[in-house]
Protein chains: 2
Amino acid sequence: MDRALSIGALARHSGATPPTIRYYEQIGLLRRPDRRDGGHRVYGEADLKRLTFIRRCRDFGFPIEQVRDLVSVIEDADRSCTEVRDLARDQLASVRARMTELRELEASLGLLVADCEARCAGGPGPDCVILEDLAAPGRCCAG
Amino acid sequence: MDRALSIGALARHSGATPPTIRYYEQIGLLRRPDRRDGGHRVYGEADLKRLTFIRRCRDFGFPIEQVRDLVSVIEDADRSCTEVRDLARDQLASVRARMTELRELEASLGLLVADCEARCAGGPGPDCVILEDLAAPGRCCAG
DNA sequence: CATAAGAGTTAAAGCTACTTGAGCTTCAAG
DNA sequence: CTTGAAGCTCAAGTAGCTTTAACTCTTATG
């Protein structure tokens, strides 16, 4: 049932790379696994599950230290699942804030490109209106 | 016209911090300014304009090395404004890709939070269905 | 004119989350 | 038994600054 996994196999199944796995071990996010005679790491299903959880949290954008918290919630019977919800809520809020920033950025960049098309086709650097606009504080490229 | 600016004044006007300005100088993104007798840096309007341009590019998400390119476009009469447009286009594409990722992330996190609300109110860590879901590969928390 | 606060100076280390490289060993297949 | 892939360790590198330590300079006030 609990087939042995090499670090490479664990990597394939979890979506992490072997160096990343060693790094997680180094920072104490993964336990130190058993070793074979030659020194190679041996993992089991529990490790795969743990690492998958970690990777999913990371994909969710949780920073490592928060992942550490989340992992400890799993292990610790005294702590509540609502902690996860609260962490996820915070994370959701910051994702939304970041998206708002990116939307503004997208709009500005879109204008920049459009202006380049319209006003600067092939013109030389120093005379380009766009570049002047970029250097002017407090307003966007669409003057 | 070209009033002298201290590094702090330059920082206030550009939105950068003094350490960041020194850092830009160190990596050759800003010229080395004149110094007063005591060694303090003295800047002029040209520096403010340049730094503002750099900060705006950074706000646009351009990496430093691309900003270096953009700056050289401004200075170099032989290079075309279309280069700026092309760089901005690439940048726009990667901003959009990032937004797509974030939208998926937002949806998943929203589901996670909602599930926590619905199914796990106050439940203990090890028994929580949500946490099991997070550890299960290949599917989202809404099983 | 003295002094104290605040702003400036340097070089070096720290940060996140890994990735890359060097140099070597072990394992699995043929 | 050979060979090539995969594993090992330790150290350094990455981006883009920020922070720290230990000083020095400028400026406003008494």
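Computed from point charges on the beta carbon alone (+1 for Lys and Arg, -1 for Asp and Glu), the dipole magnitude for segment A:1-61 about its Cα centre is near 100 Debye.
In this assembly of identical copies, the label point of A:Val42 (Cα plus 7 Å along Cα-to-Cβ) is separated from its counterparts by 7.3 nm, sorted shortest first. Shown for A:Ala93: label points 7 Å from Cα along the beta-carbon vector, and their distances to the equivalent points in the other copies, 3.7 nm in ascending order. Protein heavy-atom accessible surface, 1.4 Å probe, per residue over segment B:1-61: 59 Å². Give the interface area between chains B and A as buried accessible surface, both sides summed, probe 1.4 Å, in Å² to the nearest 100. Separately minus together, B and A give about 4600 Å² buried.
Across the identical copies, the 7 Å label point of A:Ala118, projected outward along Cα→Cβ, sits 4.7 nm from its counterparts, in ascending order. Per-residue mean of foreign Cβ neighbours for B:91-100 is 4 (Cβ atoms of other chains, 10 Å radius). Relative to its Kirkwood radius, the Cα radius of gyration of segment A:1-61 gives an Rg/Rh of 0.95.
Restricting the trypsin sites (Lys or Arg not before Pro) of segment B:1-70 to loop positions (DSSP other than H, G, I, E, B) with no more than 14 neighbouring Cβ atoms within 10 Å leaves B:Arg3, B:Arg31, B:Arg36.
The values are calculated or read from the model by the stated rules, or taken from the named source; none is laboratory data. Remember, predicted model here, so these are calculated numbers, not experimental data. In this analysis, Cβ positions are derived from the backbone assuming ideal geometry, glycine residues included, and neighbour counts consider all displayed protein chains. Keep in mind that these areas ignore ligands, DNA and RNA; they rest on the heavy atoms of the full protein, side chains included. Shrake-Rupley method; radii C 1.70, N 1.55, O 1.52, S 1.80 Å.
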